[in-house]
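Here's the structure, in structure tokens; my notes come after.
The values are calculated or read from the model by the stated rules, or taken from the named source; none is laboratory data. Fair warning: this is a prediction, and the values are worked out from it, not measured in the lab. Reconstructed Cβ throughout: ideal geometry from the backbone, glycine too, with neighbour counts over all protein chains shown. Just so you know, the surface numbers come from the protein's heavy atoms only, side chains and all, with ligands and any DNA or RNA stripped out. Shrake-Rupley method; radii C 1.70, N 1.55, O 1.52, S 1.80 Å.
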Amino acid sequence: MVPGSIPGAPTTFLTLSVLPFPRVLQHTERKMPHRLRGQSIIWSQDFDMPLLDEIFERADKFKEAPRSGALKDKRVISLFFEKSTRTRMSFEAAVDDLGGSRISTEDAMQFSSFGKGEPFEEGIQVIAAYGDAIILRHPADDAAMLARDYLQSFNVWVPIINAGCGKAQHPTQSLLDLYTIRDLRKRIENLTIVIVGDLKHSRVVRSLIYLLGKYSGIRIILVAPWELTIGHNMLAYMRRHGVEFVQAPDLAEVIGEADIVYMTRVQKERFSDPTEYERLKHSYRLTVALAEKMRTGAFIMHPLPRVDEIDEEVSRMPQASWIHQSNNGVPVRKALLEMILGE
Ligand code: CP
């Protein structure tokens, strides 16, 4: 069972047997739909290696030829309850480039009737009738799963794509992160990834670790102030799946071992006590002096937004790769949309 899933609730896409019937083609040829066709994207650990390889190959193809008609006659809804620049805009750019149409709200509590107190599930049910997929960002950890399960309980099979829910997961970010590592290092296996920052609150880090854990020879070094260390459930997951990891309090001690340094910001919006945020907001920083200790061929990534956890001058160093990483969001999300909604 997928962690967090409700006993008895419909299972996630990899085991889901309810797929559209294959379309009957001319000359009686039958073409099976892609196994992601019509499926929701809730957790990153649901992706297996063949799917990951296919997403990356399709993303490569979209870098060569950015436009297609894969989403012709499809309408995608972006429903965002939390702030976003990259995720919403890159998904919307992807829909445009694939010939689809889109409707959206960027601050659902302010600009939609959710702000009047409309129940989340019923609002989702209403919105599902307006399009072919819902891209959902929400502050609740289980919002995407709830939305999918609620729709399916009414026999509505509009896919939900988790665009970042609470502190839990941000699976499409981790897809583009992995794709960027593959771009930068020409492989994903046998790498040391140093993940730095607010690991307690980061949905991006959780999704990334679930995916990295699928590759052989991955070593993860987790660097965080003790107040922001990663949850025990993630440590247990890595132990259970034989992922080599260590925890280190000081980036200076481990940065020389990194193939990738993956920085994250302190997530102000996740702190219930603002004074605790103020106390911790400058608790780590990647300086030029530190970055110069990185070995040859190592790169710095960041899911963005970046606040002040990286010195401005580091962004001019050749190792700084976060804009390249962010740019990969469009082709990777195109690949995913094509597999979920394309013919
Ligand atoms: N990385 C990421 O999710 O960025 P946004 O919050 O701007 O979408």
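Here are the numbers for this structure:
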item	result
Spatially proximal lysines relative to Lys31 (Cα-Cα < 27 Å; intrachain offsets below 8 disregarded)	Lys61, Lys63, Lys72, Lys74, Lys334
Computed accessible area, Glu244, all protein chains, 1.4 angstrom probe, square angstrom	110 Å²
Candidate lysines for bridging to Lys83, where Cα separation is under 16 Å - those fewer than 8 sequence places away on the same chain excluded	Lys167, Lys268
Shape call, the chain: gyration tensor on alpha carbons, a/c limit 1.5	prolate
Difference of contour (0.36 nm per residue) and Cα-Cα distance, Thr296 to Arg67	78.8 nm
Packing rank of 142-148, 92-98, 103-109, where each peptide gets the mean count of other beta carbons within 10 Å, highest leading	142-148, 92-98, 103-109
Cβ charges +1 (Lys, Arg) and -1 (Asp, Glu), total dipole of region 160-316, debye	620 debye
Segment Ala252-Asp96, extension gain: residue separation times 0.36 nm, minus the distance between their alpha carbons	51.8 nm
Among beta bridges that DSSP assigns inside the chain, antiparallel share in %, nearest 5	10 percent
Degrees between helix 171-185 axis and first principal axis of the chain (Cα, 0 to 90, nearest 10)	60 degrees
Computed FRET value (nearest 0.05) for Phe111 with Arg75, which takes r as the C-beta separation and R₀ as 22 Å	0.75
Stretch gain in nm, segment Asn233-Arg279, where the contour uses 0.36 nm per residue and the Cα spacing is subtracted	14.0 nm
